[in-house]
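Heads up: the structure comes next, in structure tokens.
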Amino acid sequence: MKKADRKVFKERLLALRARLRGDVSAMADSALRKETGGEMSSMPIHMAELGSDNFEQEFTLSIMETEEGTLEAIEASLERIEDGGYGKCAECEGVISKMRLNAIPYTPVCIRCAEALERG
Ligand SMILES: [Zn+2]
């Protein structure tokens, strides 16, 4: 994963964590807005994805509010961003697709492993 991409996901995770922790929610909201706004102009790839990004962000926030252990998952993801392991599946060590990370930035596993885990 490129450094610029890691930065984008890091900011998103920080915003999610702030919101989950109940820190001044306006702050998290403004961070989310900023993340989909001006700063993205220097990142053509993400600009192209912006159309679906807002929807996925809403999706993420709704998952986040209902899922247990999300805060821990966010913390773990932030650690993986620091040590360079972010975006790699914790189960099969495969690459987690950027589409999946956009939807659930704190997920530790790829879609295939997630489905396998769900099935038990
Ligand atoms: Zn996997």
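The values are calculated or read from the model by the stated rules, or taken from the named source; none is laboratory data. Please read these numbers as outputs of a predicted model, since none were measured by experiment. Ideal geometry is used to build each Cβ from the backbone, glycine not excepted, and the neighbour counts take in all protein chains shown. Each accessible area value is taken on the protein alone, full model and side chains, heavy atoms only, with ligands, DNA and RNA left out. Shrake-Rupley method; radii C 1.70, N 1.55, O 1.52, S 1.80 Å.
Below, the figures for the structure above:
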item	result
Output for the range 87-120, where each listed residue is touching a Lys or Arg at 6+ places or on another chain (Cβ under 6 Å) and away from the ligand (no atom under 14 Å from the Cβ)	PRO105
Output for the range 2-16, where each listed residue is free of Cβ contacts under 8 Å to residues at least 24 places away in the same chain and open to solvent by less than 10 Å² (accessible area, probe 1.4 Å)	ALA15
Filter pass, LEU78 being at pLDDT 95 or above and either of a type outside the set (Val, Ile, Thr) or open to solvent by less than 80 Å² (accessible area, probe 1.4 Å) (or both)	yes
